[in-house]
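**Student:** What follows is a structure written as C-alpha cells; I'll ask about it next.
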Amino acid sequence: MNQDYIQPNAWSLIEEGFDKERVKSSESLFSIGNGAMGQRANFEESYSGPTFQGSYIGGVYYPDKTRVGWWKNGYPEYFAKVLNAPNWIGIDVWIDGEPLDLAKCSHVKNFKRELNMKEGWYRRNFEATTANNIEIAVVATRFLSLSHDEMGAIHYEVTLLNSDAEITFRPYLDAGITNEDSNWDDKFWNTTKIASEKNRAFVESHTMKTHFNVCTFMQAHLVHGDNIKATPDNVTKEELSIGLEFTHKAKKGEKVSLVKFGGYTVDRNHDATKLTEAANDLLDTASKLGFDGLVDAQKKAWSQIWEMSDITIEGDIKAQQGIRFNIFQLNQTYTGTDSRLNIGPKGFTGEKYGGSTYWDTEAYCLPFYMATKNQEVARKLLKYRYNHLEKAIENAEKLGFTKGAALYPMVTMNGEECHNEWEITFEEIHRNGAIAYAIFNYTRYTNDQSYIPEMGLEVLIGIARFWQQRVNWSEHRKKYVMLGVTGPNEYENNVNNNWYTNYLAKWCLEYALEQLEQVQQNYPSDYKRVMDKTQLSNDETGLWKKIAAHMYFPYSEEHGVYLQQDGFLDKDLVRVADLDKKERPINQHWSWDRILRSPYIKQADTLQGFYFFEDHFTDAELEKHFDFYESFTVHESSLSPCVHAIQAAKLGRMEQAYTFYLRTSRLDLDDYNKEVEEGLHITSMAGTWMSIVEGFGGMRIQNGTLCFTPQIPEQWESYSFKINFRNRIIKITVSQKGTTFTIDEGTDLEIMLNGQPKTLSHA
C-alpha cells in the first residue's frame, strides 16, 4: 500500500499530524532549493529521533577513492559524492532550561507542515508539551532565496501557552556533520576558522581532496513585541561549531521570534580569501531587506517562474498537485544561471547517485527546459557536455579507444567518469547516444543552427568514432554486432546486441554524417576548423556508412518484435501480471542473480528507442512492441512510467496513459517505490511534464513544424500549458469540448493540429 498522508491541494504540500515514522520521508518531500543550494526539511531545533540531515551546495563534491581488487585497467579512480554541507539552519531552543525535542516531548498536537509551491516557502506549525510540562506553540518558516541564491532565511516563533518561562534560542553553525552514505563515518570537511562579530558568525572550511573553500555564515536577532535584540547574550564556540544565544523571560501568551539569515559563499563564485567578506555583503543586503522583504522578492521570483512553467488541470486535484510538485522541484534544482552545474537524479534532496550528472539530463530534462525557459538555458545544458569533450576522449582512451573516440561518463561531476559499478561504467554505453540525441532534439526544437557548427559537430564526431570502434564484424551473421553491453534496463547486465544500444549507434553514425555534410555546405570556416582539429578522414566516414548499413538487430519472427537483446526468448516469460504481489518490488525481495535471469524489465528499453525514434516506426509496430514489453516491465525505475504514458497516449489508450501519468507525477508523493526517504526522483519529474505535453498534448516537431494531437483523460475537465517555441510563448488549453491556442508573445505561427494546418495569432 502506498503512503497517502500528503493532503490533496492544488498549490501546497500539506502534512497534518506528527508521526515519527514519516519524518525521513517528509524531509525529502518538503525539501527546498534555489538552483545553487538545497536543504532537506530537517527540523531547526534538536531532534533525537530518526532523521536524515542534509544541506547541499551545487558543484561541491568529494572524490571517494575507488578500491578494486582485480581488474583495474580503465576503472574509475573515484566515486563522486555530493557532500552534506555544514549545517546553517540549526536553532537550539530551551524552555526554562529544557531542550525542545519533539521526540522527547510528552505531547505533540496540531502538527502541520506546508510547502507552498506558489510562493516558494516551507512552514511547520505545532503545539508541544515539554518534559517540564510547559506548553508552547511553534511556527517556523524558511526558504532559500531565488533572488540571492547563496542565502536562506528562517523565522522561528515560539508562543507560551500555559505559563511564564525563560526562552533561549541558540542559532548555530555546525561543520561537524557526516554523510548518510559515508563509510566508517568518514569526515569530508576540514574546518580552518570559526569567528563571530556582533550577531554574525562564520565557519570557514574546505572539502578534503577537492579543496572547495566554503564559508558557512549566519546572522540572527530576537524579536518580542516591538523590540529587537540584535546582540547575543552569549557566544558558544566549539571545535567545529559556533552558536549565538538569545534569552528572553516571556509571559504566558507572549510570542518570541528568532530571525536567522544564513547560507554559503563558495570559491566557485568568489575569491577564496574573501569568502567571509562576501558573506558579510550578503548579510548587509538581508539586513536592509529584512525577512519580509526577502519573502516579497521570493514571491515575485516564483510568480515569474510559474507564469511560464505552470500546468493547470481542472477536475483532478491529485493530478494537479502532482504536476506542480514536479515542476516546482525541477525549478528548485536547476535554474540555468550557471553552465558549470547540471541536474543530479536526487537534486538537492538526498545523497543517492552521488549528486552526479547522468544521461537523464539529455533524455528527460532537456525538453522541459527548452520549452519552459529561453533557449539559452537548454543551450547551457548542451554546452556542459561540449566543455567535457576532452574528458570524454580521455575516458575512452583509458578503455583502449583511439583517434579521438569519446565515451561520455555515465556519472560525472567534472567530466571524468566517477561511478564504481562495473556494469554501469563499462557497459551502459547507451549514454553516448542520449547526448547525441539531445543535440538533435535541441536543434529541431529551437531551430538554433549555430550550435552544431560551433560545438555540436565535435561532440558528434567523438561519439561516432566511439561507436565505430565499439562494434565488431560478425562473420557468422555478416553484420556488425555490439557485445557486452547494458541497456537502460539495468535488470540485464553484460548482454549481446541490446537492440536500443545498437539502434542508437546506427542512428548516431548516420546523424554525424548528415551534420558533417550540412556544416561543410553552410559553415565552411567552422567545418575547416573542426576538420583541422579532429583530423577526420574519408576512410573513417566511409566505415561509418558501412557500419550503419549493416548493423545487426535481434528480431523474433514468432512475436513480430525486435528483441531486447540476444537470448531474451530463452527466459521464462512469465508476465508481471502473474507475479505474486507480495514479491513486488522485486528489487527489494529477490536476489540480484534471480533478477538478472528473469525477463523483468526495470524501465523502458526497447520502448525507449521507440520513444526517441517514433517516426521511424509505424503505429502498428509501436503497438506490438508496447504490448509485448510492457507486460514484462516492473517500472522500478522512476524513468519508466513517463515513456509508457506518452506511448499509451499515442496509441489512444487514455485510461492506461492516465494510470502511468499518475504513477510518474505522484511517484514520490505516494512513494510507489518505497524509497522516498532517500530523496526525490528529480530527473524523472521532467518526464511527468513530458507525459502531459508530449503524451496528452501530443506535441511533436515534424519537418520543422510544431504539431499537436491533443487528447484529454476522462477524469479531467481541462488542462493547459505554455511552451516557448522559437521566441513565441504559446498557450494550449485542452478541454472535453476542444482545444484552443493563443500566442501570448511573438509573431504568428503555422502549426499542425490533428494533421491539419492551423495559423496561430497573437492574442
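The values are calculated or read from the model by the stated rules, or taken from the named source; none is laboratory data. As the structure is a prediction and not an experimental result, all values here were calculated from the model. Note: ideal-geometry Cβ built from the backbone for every residue, glycine included; neighbour counts use all protein chains shown.
**Student:** Sort out which residues of region 615-651 are of a type outside the set (A, V, I, L, M, F, W, C), over 18 Å from Leu563 (Cβ atoms), out of contact with any Pro (no Cβ under 7 Å at 6 or more places or on another chain) and touching a residue at least 40 places away in the same chain (Cβ under 8 Å), and write them in order of number. Steps first, please.
**Tutor:** Of the residues in region 615-651, the ones of a type outside the set (A, V, I, L, M, F, W, C) are 615-616, 618-619, 621, 623-625, 627, 629-631, 633, 635-638, 640-641, 644, 647, 650.
Among the residues that remain, those that are also over 18 Å from Leu563 (Cβ atoms) are: 615, 618-619, 635-638, 640-641, 644, 647, 650.
Next, only the ones that are out of contact with any Pro (no Cβ under 7 Å at 6 or more places or on another chain) stay: 615, 618-619, 637-638, 640-641, 644, 647, 650.
Asp615, Ser637, Ser638, Pro641, His644, Gln647, Lys650 - these are the residues of region 615-651 that are of a type outside the set (A, V, I, L, M, F, W, C), over 18 Å from Leu563 (Cβ atoms), out of contact with any Pro (no Cβ under 7 Å at 6 or more places or on another chain) and touching a residue at least 40 places away in the same chain (Cβ under 8 Å).
**Student:** Further, regarding this structure: Given the criteria buried (at least 24 other Cβ atoms within 10 Å of the Cβ), touching a Pro at 6+ places or on another chain (Cβ under 8 Å) and among the β-branched types (Val, Ile, Thr), does Ile682 qualify?
**Tutor:** Spelling it out, Ile682 is indeed buried (at least 24 other Cβ atoms within 10 Å of the Cβ), touching a Pro at 6+ places or on another chain (Cβ under 8 Å) and among the β-branched types (Val, Ile, Thr).
**Student:** Do you know which residues across region 297-331 are of a type outside the set (Gly, Ala, Ser), outside any helix (DSSP H, G or I) and over 19 Å from the mean Cα position of the chain (by Cα)?
**Tutor:** Correct list: Thr312, Ile313, Glu314, Asp316.
**Student:** Hey, could you check region 341-381 for residues that are assigned to a helix (DSSP H, G or I) and touching a Pro at 6+ places or on another chain (Cβ under 7 Å) and say which is modelled with the lowest pLDDT?
**Tutor:** The selected residue is Tyr353.
**Student:** Which residues, counting only those in region 9-40, are of a type in the set (A, V, I, L, M, F, W, C) and crowded, with 24+ Cβ neighbours inside 10 Å?
**Tutor:** Those that are of a type in the set (A, V, I, L, M, F, W, C) and crowded, with 24+ Cβ neighbours inside 10 Å: Leu29, Ala36, Met37.
**Student:** Going through region 623-652 one residue at a time, which ones are among the β-branched types (Val, Ile, Thr) and within 22 Å of Asp572 (Cα to Cα)? Can you show your working first?
**Tutor:** Narrowing region 623-652 to residues among the β-branched types (Val, Ile, Thr): 633-634, 643, 646.
The answer is Thr633, Val634.
**Student:** Could you please find all residues in region 446-467 being under 22 Å from Asn703 (Cβ atoms), part of a helix (DSSP H, G or I) and not aliphatic (A, V, I, L, M)?
**Tutor:** Listed by number, the residues that qualify are Thr446, Tyr451, Pro453, Gly456.
**Student:** Do we find a residue being over 17 Å from Phe426 (Cβ atoms), touching a Phe, Trp or Tyr at 6+ places or on another chain (Cβ under 8 Å), part of a loop (DSSP other than H, G, I, E, B) and of a type outside the set (Val, Ile, Thr) anywhere in region 493-507?
**Tutor:** No.
**Student:** Gln518 - would you say it is in contact with a helix residue (DSSP H, G or I) (Cβ under 8 Å, 6 or more places away or on another chain), surrounded by fewer than 21 Cβ atoms within 10 Å (Cβ to Cβ), in contact (Cβ under 8 Å) with a residue 12 or more places away in the chain and assigned to a helix (DSSP H, G or I)?
**Tutor:** Yes.
Table: residues versus (1) outside the structural domain of Lys288 (by TED's automatic domain parsing); (2) surrounded by fewer than 19 Cβ atoms within 10 Å (Cβ to Cβ); (3) of a type in the set (A, V, I, L, M).
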residue	(1), (2), (3)
Ser205	no, no, no
Lys209	no, yes, no
Val214	no, no, yes
Met218	no, no, yes
Leu222	no, no, yes
Leu240	no, yes, yes
Thr265	no, no, no
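**Student:** When you look at His155, is it surrounded by fewer than 17 Cβ atoms within 10 Å (Cβ to Cβ) and either over 17 Å from Val259 (Cβ atoms) or over 25 Å from the mean Cα position of the chain (by Cα) (or both), yes or no?
**Tutor:** Against the criterion (surrounded by fewer than 17 Cβ atoms within 10 Å (Cβ to Cβ) and either over 17 Å from Val259 (Cβ atoms) or over 25 Å from the mean Cα position of the chain (by Cα) (or both)), His155 does not qualify.
**Student:** Just one of the numbered conditions (1) modelled with pLDDT under 95; (2) closer than 20 Å to Phe79 by Cβ; (3) not acidic (Asp, Glu) is not true of Leu407; which one?
**Tutor:** The failed condition is (1).
**Student:** Looking only at region 186-203, which residues are closer than 30 Å to Leu160 by Cα and loosely packed, with under 13 Cβ neighbours inside 10 Å?
**Tutor:** Across region 186-203, the qualifying residue is only Lys198.
**Student:** Name the residue, out of Leu173, Leu161, that is of a type outside the set (S, T, N, Q), touching a residue at least 60 places away in the same chain (Cβ under 8 Å) and surrounded by fewer than 19 Cβ atoms within 10 Å (Cβ to Cβ). So that I can check it myself, show each step before the final result.
**Tutor:** Working: Leu173 fails: surrounded by fewer than 19 Cβ atoms within 10 Å (Cβ to Cβ).
None of the others qualify; the one that does is Leu161.
**Student:** Further question on the same structure: Under 6 Å between Cβ atoms, at least 6 apart or on separate chains: pull out the pairs that start in region 369-388 with a residue that is surrounded by fewer than 23 Cβ atoms within 10 Å (Cβ to Cβ) and end on any residue that is in a helix (DSSP H, G or I) and β-branched (Val, Ile, Thr).
**Tutor:** Filtered contacts from region 369-388: Gln375/Thr446; Tyr386/Val459.
**Student:** Count, please, the residues in region 81-106 that happen to be in contact with a helix residue (DSSP H, G or I) (Cβ under 9 Å, 6 or more places away or on another chain) and either assigned to a loop (DSSP other than H, G, I, E, B) or at pLDDT 95 or above (or both).
**Tutor:** Restricting attention to region 81-106, the residues satisfying the condition of being in contact with a helix residue (DSSP H, G or I) (Cβ under 9 Å, 6 or more places away or on another chain) are 81-83, 102-103.
Next cut, either assigned to a loop (DSSP other than H, G, I, E, B) or at pLDDT 95 or above (or both) only: 83, 102-103.
Adding up the residues that qualify gives 3.
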